[in-house]
Amino acid sequence: MIERKPLTLHRLRDMHAAGEPITMLTCYDASFARVLDDAGVDCLLVGDSLGMVLQGEASTVPVTLDAMAYHVRCVARGNRHAWVIGDLPFGSYQQSPAQAMQGAAVLMQAGAQMVKLEGGGWTADTVRFLTERGVPVCAHLGLTPQSVHALGGYRVQGRDDAAAATLASHARGLADAGAAMLVLELMPSALAAEITKSVDIPVIGIGAGNRCSGQVLVLHDMLGVTRGKLPRFVRNFMEGASSIEDAVSRYVADVKSRRFPDEALHGY
């Protein structure tokens, strides 16, 4: 059996260039980091979604930088091969690029290999500031949960022509500023496909159709742990699985083969 090597940004770029879908799941602790890593997940996103799935908050807004650093450190300890991304939480980067750099340093010192921030337009200057200082950045457009109150709730973004054009413009601006990866959340599949083609970086979709460079889901959602009504883009991979690792392995296989997401079931 060939020993799996730790993923690097260079390897992720090679995967993207070769058209190999990139797999990502959220992860918040060492035990799950080991399970997901052993199942072959490419990227572990220590998401501020932990505010909702671990802390019981109504949104991601209350999550602190200290909480993010704690969970990044836990994930990094359990991981051996996957690429680890840490979310910059609300209030840790909006004030200035210098503030963002301070937050990024905290997360990278805790074990993150890349940081993620939400929004477009004004964030391009922050992305450029970070990347010029050696911080790999993943941008995030579409539904940006930290801005849920301004967006009027958890709604599909970019449905009209003007909104779609703005998102496409922001995506190109973020890529030009040096973002090494882009997450697109909750938007029409056709728009996500157009954006994916327009930038030369990996584009990871969540509720953004099957034509992105890869996919991400919230771990608790895809394992059937989350209660209540889930977004239509979620699939419970525990159904028919013999174990959590089997469920995660099925997710990896279905993303790699582009069986998931199914446009008819999970797209907009």
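The values are calculated or read from the model by the stated rules, or taken from the named source; none is laboratory data. Here the structure is a predicted model, which means the values were calculated and not measured. No Cβ is skipped: glycine too gets one built from the backbone with ideal geometry, and neighbour counts run over all protein chains shown.
Listed by position, the helices (runs of 4 or more DSSP H) inside the range 53-168 whose residues that are within 27 Å of G267 (Cβ to Cβ) and modelled with pLDDT of 95 or more number at least 1 are 123-131. Note on the range 202-213: residues that are crowded, with 24+ Cβ neighbours inside 10 Å and over 15 Å from V156 (Cβ atoms) total 4.
Being touching a helix residue (DSSP H, G or I) at 6+ places or on another chain (Cβ under 9 Å), at pLDDT 95 or above, of a type in the set (A, V, I, L, M, F, W, C) and surrounded by fewer than 22 Cβ atoms within 10 Å (Cβ to Cβ): is that true of A171 here?
Working: touching a helix residue (DSSP H, G or I) at 6+ places or on another chain (Cβ under 9 Å): yes; at pLDDT 95 or above: yes; of a type in the set (A, V, I, L, M, F, W, C): yes; surrounded by fewer than 22 Cβ atoms within 10 Å (Cβ to Cβ): no.
No; evaluated as a whole, the condition is false for this residue.
Take the conditions touching a strand residue (DSSP E or B) at 6+ places or on another chain (Cβ under 9 Å) and surrounded by 15 or more Cβ atoms within 10 Å (Cβ to Cβ) and apply them to P6. Does it pass? No, not satisfied. G267 fulfils the conditions (1) buried (at least 17 other Cβ atoms within 10 Å of the Cβ); (2) at pLDDT 95 or above; (3) not hydroxyl-bearing (S, T, Y) except for a single criterion, (2). Residue pairs whose Cβ atoms lie under 6 Å apart, separated by 6 or more positions or on different chains, with the first residue in the range 235-254 and closer than 8 Å to A39 by Cβ and the second among the charged types (D, E, K, R), do not occur.
Considering each of F237, F260 in turn, give the residue that is of a type outside the set (A, V, I, L, M), under 21 Å from D29 (Cβ atoms), buried (at least 20 other Cβ atoms within 10 Å of the Cβ) and touching a helix residue (DSSP H, G or I) at 6+ places or on another chain (Cβ under 8 Å). Matching residue, one of F237, F260: F237.
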